Amino acid sequence: ERMSKIFFEDLKMPKPHIYLGVGSGTHAHQTAQIMIAFEEILLKYRPDLVLVVGDVNSTIACSLVAAKIRYPETRNHPAIGHVEAGLRSFDRDMPEEANRVLTDHLSDILFTTCSDGGKNLAHEGIPAEKVVFVGNVMIDSLVQFLPLARSSTVLDDLNRTFSERLREPLQEKAFALATLHRPSNVDSSESLSMILEAFAEISRDVPIVFPMHPRTQKLMKGLPDKTRRAIDQNPVLITDPLGYLDFLFLEQAAKLVLTDSGGVQEETSFLNIPCLTLRPNTERPITLTEGTNRLVPLEKEAIIDFAGKSLNGTVKQARSIRFWDGRAAERMVAYLEANRERFI
C-alpha cells in the first residue's frame, strides 16, 4: 500500500475511483479475492470494455471475471482488451507466463508492444484481426516524465545518507543501479546470498544503488553472516523503494543496470543504458536483439564477469524500436474510437 501511495503522489495522479482492497497472499488467495471484488464492480457499473495490463494476478483475475460474467439484462459480457499482449518467456515455471497466455486467449483485443508479440499470438492460433500493434505504453510514461525526473535530487540525498560508506560522492555515469523482485531470485536465501555477494564484488569497481522491496529487506536478516559482511564492507547501498521519478533519474544516470524486471529491460533499452538481466530467459526478446539488454546466468562468477565487461568493455548500443515513441496510448484510443460499435 505504501509503495502504491508513493507512485500516486510522485506522478500527481488522482486517487482511483475504486480500490479493491486486496493485499498480498498466495497466488490462489490473491487471484480469488480480486475476482470476487471485481465481479461486484462489473455488476454495479456494467462496463462495455475491460482493459487489463501486463501479466500480474489482477490481469488474469479481471480477465476471467469479464469472460465469465453475463449481465442479467442482455446476457452479454464486456469485451476484454489486453495491453502488452503476446509477450512470452516460454518458461511455464513463471507464474507471470500463465497469466500472459491465459489472458491473451480470453481477450477480444490484443494490443502488442512489438513485432515479437504478434508472431507469438499467430503461432498460438489467435486471429490476426484481434491483434493491434500500438507500441509500448510504459515508454509513453517514460517520455512524459523524463524531463521532470531529471530535476530529482535523489543523488544528493543518497550522498548524504551514505557519505560514510562512499569513497567519493556518487556522480552520473559512475554508479550501477540494481533492482530485484522475482521470487526465484529473492525468495531463496541461497540465490539472494549469491547475487548480493556478486554485487559486493562488483561494487569494488563501481558503487551499486539497490532500492529494495520491504519483503526482500526482511529476508536479508536471515542471510549468512558472510553475505551481510560483504554488503556492509562494500558500497552496495540498499535503500527503501523509490518513487518513479527518483528511480527514473537513477536509471538514466546509471553506468549499468542489473535487474530481473521486464519493464526495466524496456526502459534501459529506450534510454540506451547497458542492462544485465539476472534471468535465464526474457519475455521481451526485442530488448536483446534491438536494445541494450543481456541475459546473465544465475551464477556468482558469471554476474561479476558480465558486469566487468559491461563496465570496462564495449557497450552494446540500442537501435530505435518501432512505436516506442511515447504515442502508444494515442494509437490505442484511436483504435477503440474507430471500432467502438464492435464493443458497445
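By other beta-carbon atoms within 10 Å, ranking R284, R70 with the fewest at the front produces R70, R284. Using θ = phi - 60° in the Karplus curve 6.51 cos²θ - 1.76 cosθ + 1.60, the 3J(HN,Hα) couplings for region 8-20 round to 5, 5, 4, 9, 6, 8, x, 5, x, 5, 9, 10, 6 Hz; x is entered for Gly and Pro.
Quick one: putting +1 on the C-beta of Lys and Arg, -1 on the C-beta of Asp and Glu, what dipole do you get for the chain around its Cα centre, in Debye to the nearest 20?
The dipole of the chain has a size of about 120 debye.
Between P274, P224, P297, the GNM of the chain built on Cα springs shorter than 10 angstrom shows P224 fluctuating the most. Principal-axis analysis of the Cα atoms of the chain puts helix 95-106 at an angle of about 20° to the longest axis. For region 257-314, the relative contact order works out to 30 percent when only alpha carbon pairs closer than 8 Å and six or more residues apart are counted.
Residue-wise HN-Hα couplings along region 261-266, as the Karplus relation 6.51 cos²θ - 1.76 cosθ + 1.60 with θ = phi - 60° gives them from phi, are 8, x, x, 5, 4, 6 Hz; Gly and Pro carry x.
Compute, for region 138-223, the length of the dipole vector about the Cα centre, with Cβ point charges of +1 (Lys, Arg) and -1 (Asp, Glu) only. Units Debye, rounded to 20.
Details: 10 positive and 11 negative charges, 37 e Å.
So the dipole magnitude of region 138-223 works out to roughly 180 debye.
A straight Cα-to-Cα reach below 23 Å connects K68 with the lysines K44, K130, residues fewer than 8 places away in its own chain not being considered.
When T314, T292, T216, T179 are arranged by Cβ crowding within 10 Å, least crowded first, meaning fewest neighbours, the order is T314, T216, T179, T292. Against the longest alpha carbon principal axis of the chain, how many degrees, from 0 to 90 and to the nearest 10, is the axis of helix 27-45 turned? Between the helix axis and the principal axis of the chain, the angle is about 40 degrees.
Each part reduced to its alpha carbon centroid, region 240-319 and region 76-101 end up 24 Å apart. Could you give the distance between the Cα centres of region 28-45 and region 185-238, to the whole Å? First find each Cα centre; the distance between them is then 37 Å. The GluC sites (Glu not before Pro) of region 24-112 that DSSP puts in a loop, and whose beta carbon has at most 14 other beta carbons within 10 Å, are E73. Here log10 I(q)/I(0) by the Debye sum over Cα atoms at q = 0.09 Å⁻¹ was calculated from the structure, and among (i) -0.58; (ii) -0.53; (iii) -0.46 it sits at label (ii).
Summarising the amide proton neighbourhood of L87: residues at separation of 5 or more, or on other chains, whose placed amide H is nearer than 5 Å comprise an empty set. Taking 28 Å as the straight-line reach from the Cα of K226, the lysines in range (excluding those fewer than 8 positions away in the same chain) are K218, K255, K300, K309.
Is it possible to state the helix-based mean residue ellipticity at 222 nm for the chain, with each DSSP H run of 4+ residues giving -39500 (n - 2.57), the sum divided by total residues, to the nearest 500 deg cm²/dmol? What is it?
After summing the helix terms and dividing by residue count, I get -14000 deg cm²/dmol.
Per residue, the average separation of C-alpha pairs within less than 8 Å and at least 6 apart gives the chain a relative contact order of 17 percent.
Dipole orientation for region 152-304: of the candidates L276, V186, L158, V186 has the Cα lying most toward the positive pole (charges on Cβ; Lys, Arg +1; Asp, Glu -1). Relative contact order for region 141-312: 24 percent, from Cα pairs under 8 Å spaced at least 6 residues apart, divided by residue count. With the charge dipole of region 165-245 set up from +1 on Lys and Arg Cβ and -1 on Asp and Glu Cβ about the Cα centre, the Cα lying farthest toward the positive end among the listed residues T216, A230, S203 is that of T216.
Cβ crowding within 10 Å, taken as a proxy for footprinting-reagent exposure, orders I344, I321 from fewest neighbours to most as I344, I321. A full extension of the chain between A302 and R322 corresponds to an added length of 4.0 nm, given 0.36 nm per residue minus the alpha carbon distance. Amide hydrogen proximity for H181: with H placed 1.01 Å from N in the peptide plane, the residues at 5 or more positions away or on another chain lying under 5 Å are D260.
Throughout, read-outs are computed from the coordinates displayed, never taken from laboratory work. Just so it is clear, the model here is predicted, and its values are computed rather than measured. Don't worry about glycine lacking a Cβ; one is built from the backbone with ideal geometry, like all the others, and counts go over all protein chains shown.
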